[in-house]
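For reference, the structure is listed below as structure tokens.
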Amino acid sequence: MNDAFSKGKEFLNKYVDINGDLTLGELETGNWRNKKKSALIRWLMSKKADLNREKLGELFGSSKGAVDMKMSRDSFSIDELIIAAYAADYEIVLRNNSTGDEKTIDAREWFRNYDKDTFERLKSIHPEPTSAELAAYERKKRELEDLKREYGIKD
């Protein structure tokens, strides 16, 4: 009985550590209203296998301990939320509730001009393409355009 209780408690602690205090329905629907930022960070970490507190500490320019403290105090900044989303291959989108207009926050553009150190750390997640890769892309793009003309395909 004690062993089963310990395993159950261990499972629940791990679940809460990964998912925060969100119900399964809230995780699926993305209902984050009135939820802690640390719950969102935990959810983002659960979406990418190699994203953990240590990795976030590196990306934030701090340490795992600093991330642990931010988790316990729920004191993440908007910059840190943008970094965590980018690291998990997500974007933050602002949507006007009246018009439906959307603004996507591009993490690299967000940091490119005012925080060069963070910008350099983000490059480790998704490195910029090399000149050879860019040239190959342009070549393929031209080939596609040629094929579209050849077969009369219009955009």
statement: Taking a crude spin-label model, label points 7 Å out from Cα along the C-beta direction, the Arg112 to Ser131 distance in nm is 1.9 nm
query: Taking the Cβ-Cβ separation of Glu138 and Asp74 as r and a Förster radius of 41 Å, what is the calculated FRET efficiency to the nearest 0.05?
result: 0.35
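All of the numbers you see were taken from the coordinates with simple rules; none came from a lab. Values in this document were obtained by computation on a predicted structure and should not be read as measured data. Quick reminder, even Gly has a Cβ in these numbers, built from the backbone with ideal geometry, and neighbours come from all protein chains shown.
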